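The values are calculated or read from the model by the stated rules, or taken from the named source; none is laboratory data. Nothing here was measured: the structure is a model prediction, and the numbers come from that model. Positions of Cβ are backbone-derived with ideal geometry, glycine not excepted, and every protein chain shown enters the neighbour counts. With ligands, DNA and RNA removed, areas are computed over all heavy atoms of the protein, side chains included. Shrake-Rupley method; radii C 1.70, N 1.55, O 1.52, S 1.80 Å.
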Amino acid sequence: MTGMINEWGDQELAELKKVFFSQAYELTEEVQDELLKLEADGADEETLKTLKRHVHTLKGDSNSMGYEAIGALCHRMEDVLSAALRGAGIADHEAVDLLLACIDSIHAMLTECEAGNDACCAQDLTRRIDGQLGQTAPAGTASPISLASEYSEYEELLVQDALTSGKRVYTIVAKFHPECREKSVASLMLAQRLGAAGKVIRSAPDLEHGDFRTVDVLTVAFAADLDLEAVKRETLAAGMIESAAITEQAPSKVPGPRPDRLATASKSETLRVDASKVDAIMNLVGELIIGRSMIEQATKDILDGSSPVEAAARLFSVNASLERVVSDLQKGVMKMRMVPLYHVFRKFPKMVRDLSLEKGKRVKLDVVGSEVELDKGIVDALGEPLAHIMRNLIDHGIESPEARRAAGKPEEGVIRIKAYHEASQLVIEASDDGRGIDAERLKRKAVESGFLTTDEAAKLSVPDAVNLIFLSGLSTAEAVSETSGRGVGMDAVKNAVNGLKGSLTVETAAGAGTLFRMRLPLTLAVIKALLFEVGDRLYAVPVPVVAEVAQIAPEDLVTVEGRKTLLLRDQIISVISAAELFRIEESGKRKKHVLILSMGAKKAGLLIDRLVGQQELVIKAVDDDLVGSDL
């Protein structure tokens, strides 16, 4: 199949790879889900068969695309699953942990391959699988690890040169056939075969001068352009070499792929759409073609002297029909872009499992609303901000089992992630039942870090103090770790949510837990807007941010500390004049409207002249060439 792939054109191959990577990432997610299910529910034959089927498909697809390192690791995973189906009982924590590590490695390999880099065989995982299945080298023989550790400086250079030039370096542990009487002759023949196919870097015993009378195993470090199966064929010889365990050395000292390439490659550009949605779009396009024909016919009738009244009536009728079709077409296209949040939420069970084990905590994840749909562009951008919030809840929020027991709580903490619709927005809540955020401690840290003075900190209310977690560079962690302590994270999360035209708020209670709440638009392509006028200019504001509209007279506004304010139902709201904001001459109208804009718990008023109505607006990015121009 690899040879056939080489015959494809560049564009065809690019399309083929795009389909492969899309399906491969989906298969890794499926395998991960099934492994977590296996760990939670115990060994189940159907689950094991499903796992083996997914892994086998991934192996075949990877090998057919020429990504043999991925195929080789999938093959070893199949060995473990086959042992389980034979009743070897691998569905314990250690075995599931090993298989999950394999899937993590495969995902990393896929990312590297998608970025155009060569993926290397996960040698350490292969050894762990051998240990799990009891396939270890005989006692007293040189292992791949000990052989590599004995490289001379010259041999180390040979290894690195081979890896840098794109060759693959293998460690071969070959077992002599029990009936082989001339092991030294067998070793010389093996040296000739391997030397013709590649380069022998080191062997134990030495292939030419070693004493083979008392050994049963020969270990060789070998560099070549061959794949794993080809090396095995070169090694095995009837009557001389009975079996061979072969592992590939990872390029530990070879520069890795550029991070920016990896980041670009990890973004999915594929959108799976139900056939029924495509059919609906096709039907609407057909109606558009009919509408175009009707307009063409009406135009001909006018040219032929048809009554203007009749022609106008017909055109109005066609226009009404086209308005309906275009509206349905817009909704249909938006539905095509809608994907369930399951694609984001499915990543969290493993993340919670791994991080809770690392931190020595017991955490249960409760997911609600994974079927809720959202625009794919927003879903793709949500993964990292939500992941950081989840890590924050585990690291900072959930206490250790001992601390929870002392506080009268169950030893197992609970993290809940919930999604639901509210008006024209989507709300995602992530919460824990942990210790909560200590507002006073945050204020002390802010003072120590130079963000606030002591007087400023003393004046802060509890909600404002809690919002200090969104300051860049502020951290309450006692020590720096992989998940916290560097003061980078929550500010980036807030910026990411703001970039999606959403809002992020936090609520907390000491000893009861913390809740992060995101409010997001359903799509970034089209927004429902409230149109208003200031002077002779027309403006729009998204409807979801408008809490209410009030009509006021000038005397209703009061100046407090140099700012215009409005007392609305016992609530003081700061008011900004749109005319002043946009530098427009004030109109002489006495009665004006105030739009009460809401962003989370904060509200502000925007003083305008006249309401126009609601309208759906299409969001289009300004061309880079126009930004900063004189146009």
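Could you check, for the range 51-58, whether at least one of its residues is open to solvent by 10 Å² or more (accessible area, probe 1.4 Å) and at pLDDT below 85? Within the range 51-58, none of the residues are open to solvent by 10 Å² or more (accessible area, probe 1.4 Å) and at pLDDT below 85. For the range 175-198, check the following and say yes or no: at least one residue is closer than 26 Å to Tyr67 by Cα, modelled with pLDDT of 80 or more and assigned to a strand (DSSP E or B). No, the range 175-198 contains no residue that is closer than 26 Å to Tyr67 by Cα, modelled with pLDDT of 80 or more and assigned to a strand (DSSP E or B).
Contact map, the range 220-233: residues that are within 15 Å of Ala245 (Cβ to Cβ) paired with residues that are at pLDDT 85 or above and of a type in the set (Lys, Arg), Cβ distance under 8 Å, separation 6+ or inter-chain. Pairs shown: Phe222/Lys199.
The single condition among (1) at pLDDT 85 or above; (2) open to solvent by less than 50 Å² (accessible area, probe 1.4 Å); (3) not in a loop (DSSP other than H, G, I, E, B) that Gly511 does not meet is (3).
Looking at the structure I just gave you, is Thr505 open to solvent by less than 40 Å² (accessible area, probe 1.4 Å), of a type in the set (Ser, Thr, Tyr) and not in a loop (DSSP other than H, G, I, E, B)?
On the way: open to solvent by less than 40 Å² (accessible area, probe 1.4 Å): yes; of a type in the set (Ser, Thr, Tyr): yes; not in a loop (DSSP other than H, G, I, E, B): yes.
Taking the combined requirement at face value, the residue satisfies it.
Can you name the number of the only condition in (1) of a type outside the set (D, E, K, R); (2) at pLDDT 85 or above; (3) farther than 25 Å from Ile246 by Cβ; (4) open to solvent by 70 Å² or more (accessible area, probe 1.4 Å) that Gln32 fails? So Gln32 meets the others, but not (4). Restricted to the range 477-502, and to residues there that are at pLDDT 55 or above and open to solvent by less than 20 Å² (accessible area, probe 1.4 Å), the residue that is nearest to Leu386 (Cα to Cα) is Val493. Every residue in the range 297-310 that is assigned to a helix (DSSP H, G or I) and open to solvent by less than 60 Å² (accessible area, probe 1.4 Å), please. Passing the criteria: Ala298, Asp301.
Scanning the range 555-576 for residues that are open to solvent by 40 Å² or more (accessible area, probe 1.4 Å) and closer than 30 Å to Glu422 by Cα yields a total of 7. Number of residues in the range 30-61 that are in a loop (DSSP other than H, G, I, E, B) and of a type in the set (D, E, K, R): the value is 1. Of note, Gly166 satisfies the criterion of being open to solvent by less than 60 Å² (accessible area, probe 1.4 Å), at pLDDT 80 or above and on the phi > 0 side of the Ramachandran plot. Pairs linking a residue in the range 577-603 that is open to solvent by less than 90 Å² (accessible area, probe 1.4 Å) to a residue that is in a loop (DSSP other than H, G, I, E, B) and at pLDDT 85 or above, with Cβ atoms under 7 Å and 6 or more positions apart or on different chains, are Ser587/Asp609; Lys592/Asp609. State whether the residues of the range 457-476 include one that is modelled with pLDDT under 85 and among the β-branched types (Val, Ile, Thr). The answer is yes, given that some residue of the range 457-476 is modelled with pLDDT under 85 and among the β-branched types (Val, Ile, Thr).
For the range 514-553, the candidate set comprises residues that are closer than 22 Å to Arg337 by Cβ and part of a loop (DSSP other than H, G, I, E, B); within that set, the residue that is modelled with the highest pLDDT is Leu522. Taking every residue in the range 387-407 that is closer than 20 Å to Leu341 by Cα and free of Cβ contacts under 8 Å to residues at least 60 places away in the same chain and pairing it with any residue that is in a helix (DSSP H, G or I) and open to solvent by less than 20 Å² (accessible area, probe 1.4 Å), at least 6 positions away or on another chain, the pairs with Cβ-Cβ distances below 7 Å are Met390/Phe348; Met390/Val352.
I'm trying to understand the selection: among the residues of the range 8-28, which are basic (Lys, Arg) and either over 16 Å from Gly116 (Cα atoms) or exposed (fewer than 12 other Cβ atoms within 10 Å of the Cβ) (or both)? Step through it out loud before you land on a result.
Taking the range 8-28 first, the residues basic (Lys, Arg) are 17-18.
Of everything in the range 8-28, nothing turns out to be basic (Lys, Arg) and either over 16 Å from Gly116 (Cα atoms) or exposed (fewer than 12 other Cβ atoms within 10 Å of the Cβ) (or both).
Can you spot a residue in the range 609-616 that is within 27 Å of Glu422 (Cα to Cα), in contact with a His (Cβ under 7 Å, 6 or more places away or on another chain) and among the β-branched types (Val, Ile, Thr)? Checked against the condition, which is being within 27 Å of Glu422 (Cα to Cα), in contact with a His (Cβ under 7 Å, 6 or more places away or on another chain) and among the β-branched types (Val, Ile, Thr), the range 609-616 yields no hits at all. Scanning the range 171-204 for residues that are without any contact (Cβ under 8 Å) to a residue 12 or more places away in the chain and open to solvent by less than 60 Å² (accessible area, probe 1.4 Å) returns a single hit, Gly195.
Listed here are the residues, each with its yes/no results for (1) over 30 Å from Arg435 (Cβ atoms); (2) of a type in the set (A, V, I, L, M).
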site	(1), (2)
Arg292	yes, no
Lys335	yes, no
Val339	yes, yes
Arg346	no, no
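One residue alone among Glu429, Glu440 is part of a strand (DSSP E or B), in contact (Cβ under 8 Å) with a residue 24 or more places away in the chain, charged (D, E, K, R) and over 19 Å from Met338 (Cα atoms), and that residue is Glu429. Contact annotation: residue pairs with Cβ atoms under 9 Å, 6 or more positions apart or on different chains, pairing a residue in the range 32-54 that is within 27 Å of Ala108 (Cβ to Cβ) with a partner that is open to solvent by 30 Å² or more (accessible area, probe 1.4 Å) and in a loop (DSSP other than H, G, I, E, B), are Gln32/Lys347; Lys37/Asp44; Leu38/Asp44; Leu38/Ala91; Glu39/Ala91; Glu39/Asp92; Thr47/Ala91; Leu48/Ala91.
Only one entry of Glu229, Glu234, Glu242 meets the criterion of being among the acidic types (Asp, Glu), out of contact with any helix residue (DSSP H, G or I) (no Cβ under 9 Å at 6 or more places or on another chain), at pLDDT 75 or above and not in a loop (DSSP other than H, G, I, E, B), and that entry is Glu242.
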